[in-house]
Structure formats: structure tokens, C-alpha cells
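The values are calculated or read from the model by the stated rules, or taken from the named source; none is laboratory data. Values in this document were obtained by computation on a predicted structure and should not be read as measured data. Cβ sites come from the backbone with ideal geometry, for glycine too, and all protein chains shown count toward neighbours.
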Amino acid sequence: MADLTDLATRLNDANALQNLSPPVQTALFLGALALIPAAVVTLTSFTRIVIVLAFVRRAVTSQEIPPNMVITGLALFLTLFTMGPTLEDIDARALTPYLEHKIAGTEALQRGTGALQKFMLRQTRRQDLALFLHMAGVTALKDVSETPFRALVPAFVISELKTAFIMGFCIYLPFLLVDLVVSSVLTSMGMITMPPVLISAPLKILLFVLADGWHLVARAISVSFA
């Protein structure tokens with residue numbers, strides 16, 4: 001009898017959200033919208049992309065060109081592009097069945113979370129995941145898919161940060177060589193008082209354009225998530 005009572009309680013909890021009045025559901029939906037920026041930053045490829053693009057702008061020494069709005073917009077649409085297969089999986093397995101009333105909201109949430117978890121696990125380094133599993137006190141997992149989100153999310157974020165900084169270093173290096181060459185030439189000519197950036201900045205922009213830099217950066221970012 002107790003088991004039947006527990007089962008009934010769980011079913012009531014699972015259907016509680018669907019039984020709420022429309023105004024309450026609307027209020028909960030609007031409240032959830034406030035969490036979307038945090039979710040985009042911590043659960044998707046946005047962090048890696050926007051940091052790499054920021055490194056590109058800093059390496060070219062173009063000050064605030066492109067503007068922050070352009071960098072953020074490009075990062076957002078590159079995020080949608082790189083997350084395409086995952087978003088399609090979430091739509092096919094969770095969103096569409098839920099909208100067609102084939103599955104409950106809790107099951108749709110579990111399916112969507114599972115698809116997102118696969119993407120995050122694929123991009124997370126083992127040592128980063130092991131660190132947070134150790135600090136969370138999780139000693140044994142039957143399968144990696146059982147990784148708790150409280151350990152997966154921070155491990156994924158620091159893995160993305162490390163990858164972004166590695167890519168940023170590789171982008172920064174050739175432009176640093178341009179600065180060194182220009183500085184050496186100016187010193188050898190006795191033009192010590194002239195700031196090297198006045199000469200190196202146009203050269204770096206020219207080098208970036210001739211190498212079709214934005215094409216290469218976009219391709220490198222997309223391939224890094226393959």
C-alpha cells in the first residue's frame with residue numbers, strides 16, 4: 001500500500017506543472033527566460049567561440065573593430081551552427097513529441113537534457129571531469145551518461161576556457177612575430193621613439209585580410225567541435 005502511495009505522489013509531482021493555471025505557467029516561463037543567458041554561456045559552445053573571436057580582434061590590434069555587438073552576434077550564430085546536430089536531436093527526441101502530447105513534460109526534459117549532456121561530455125576533458133567528480137564525492141559511475149550536472153557543467157566550462165585559450169594563442173603567435181619584426185626594423189633604423197604599433201597594426205590587418213582570416217577562424221572554430 002505504501003508503494004502505491006509513493007507512486008501516486010510521484011505521478012502527481014510529474015503532472016503538477018501541467019495542472020497549474022495558465023497565469024502561473026506564464027509567470028514560470030518568464031522567470032525561466034532570465035536563465036537563458038546563463039544557460040547559453042555555460043551549456044553551449046558560445047564561450048569558446050566568443051573568446052576566440054575576442055583573441056582575433058586583440059591580435060589584429062584593431063581596437064574596438066569589429067564592435068562588441070558584431071562579435072557577440074557572430075558568436076551567437078556560430079553557436080547555433082555548431083550546436084545544430086544537438087539542437088536537432090533535442091527537437092526530434094524531446095520538443096516535437098512534447099508539443100504533439102506524446103510524452104510528458106518531465107520525460108521531454110530528461111530527453112533534452114540527455115542530448116545536451118552528450119555534447120558536453122564529448123567536449124569535456126577527462127581530467128577536468130575527474131576533478132569535479134572527486135570534489136563532488138562521486139566515486140563510481142556505471143556509465144559516463146550518469147555524470148551529475150553539478151559536476152559536468154563546471155568541468156565543461158573550464159574545458160572550453162582552456163580550449164579557447166589554446167586556440168587564441170595559436171592565433172596570436174603569427175601577429176606577435178609581426179610586432180617583433182617591425183620593432184627590430186625600427187630599432188635598427190634608429191627610430192626608437194616611433195611606436196611599433198603605428199607600423200605593425202596596418203601590416204597585421206593587411207596580413208589578416210590577405211590570408212582570408214575570418215574564413216580560417218570560422219572554419220577552425222567549427223572543426224574544433226567535430
> For the stretch 201-224, what are the residues that are at pLDDT below 85 and touching a Ser or Thr at 6+ places or on another chain (Cβ under 7 Å)?
Replying inline: 201
> Are any of the residues in the stretch 87-106 at pLDDT 80 or above, small (Gly, Ala, Ser) and not in a loop (DSSP other than H, G, I, E, B)?
Replying inline: yes
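Out of everything in the stretch 98-118 that is polar (S, T, N, Q) and under 18 Å from residue 83 (Cα atoms), what residue ends up being surrounded by the most Cβ atoms within 10 Å (Cβ to Cβ)?
Residues of the stretch 98-118 that are polar (S, T, N, Q), as a first pass: 106, 110, 113, 117.
Then drop every residue that is not under 18 Å from residue 83 (Cα atoms), which leaves 113, 117.
Numbers: 113: 14, 117: 20.
Restricting to residues being polar (S, T, N, Q) and under 18 Å from residue 83 (Cα atoms), the top hit is 117.
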>> Out of everything in the stretch 179-208 that is closer than 19 Å to residue 54 by Cβ and among the β-branched types (Val, Ile, Thr), what residue ends up being surrounded by the fewest Cβ atoms within 10 Å (Cβ to Cβ)?
In response: 197
>> Let me confirm something: among 129, 121, which residue is within 19 Å of residue 225 (Cα to Cα), surrounded by 19 or more Cβ atoms within 10 Å (Cβ to Cβ) and at pLDDT 80 or above?
In response: 129
> Does the stretch 157-175 contain any residue that is at pLDDT below 85 and either among the charged types (D, E, K, R) or under 19 Å from residue 44 (Cβ atoms) (or both)?
Replying inline: no
>> With the structure loaded, tell me whether residue 47 is under 30 Å from residue 208 (Cα atoms) and either in contact (Cβ under 8 Å) with a residue 12 or more places away in the chain or outside any helix (DSSP H, G or I) (or both) or whether it fails that test.
In response: yes
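Quick one: count up the residues across the stretch 135-171 that are hydroxyl-bearing (Ser, Thr, Tyr) and exposed (fewer than 14 other Cβ atoms within 10 Å of the Cβ). Show your work before the answer.
Taking the stretch 135-171 and keeping what is hydroxyl-bearing (Ser, Thr, Tyr), we get 139, 145, 147, 159, 163.
Applying the additional criterion that residues be exposed (fewer than 14 other Cβ atoms within 10 Å of the Cβ) yields 139, 145.
Going through the stretch 135-171 one residue at a time, the tally reaches 2.
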> Looking at the stretch 182-213, which of its residues are free of Cβ contacts under 8 Å to residues at least 40 places away in the same chain and under 24 Å from residue 73 (Cβ atoms)?
Replying inline: 209, 211, 212
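From 59, 75, which residue is under 22 Å from residue 163 (Cβ atoms) and modelled with pLDDT of 90 or more?
On the way: 59 fails: modelled with pLDDT of 90 or more.
Of the residues listed, the single one that is under 22 Å from residue 163 (Cβ atoms) and modelled with pLDDT of 90 or more is 75.
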>> Against the definition (over 22 Å from residue 161 (Cβ atoms), more than 16 Å from the chain's Cα centre (by Cα) and either surrounded by fewer than 12 Cβ atoms within 10 Å (Cβ to Cβ) or modelled with pLDDT of 80 or more (or both)), how does residue 17 come out, yes or no?
In response: no
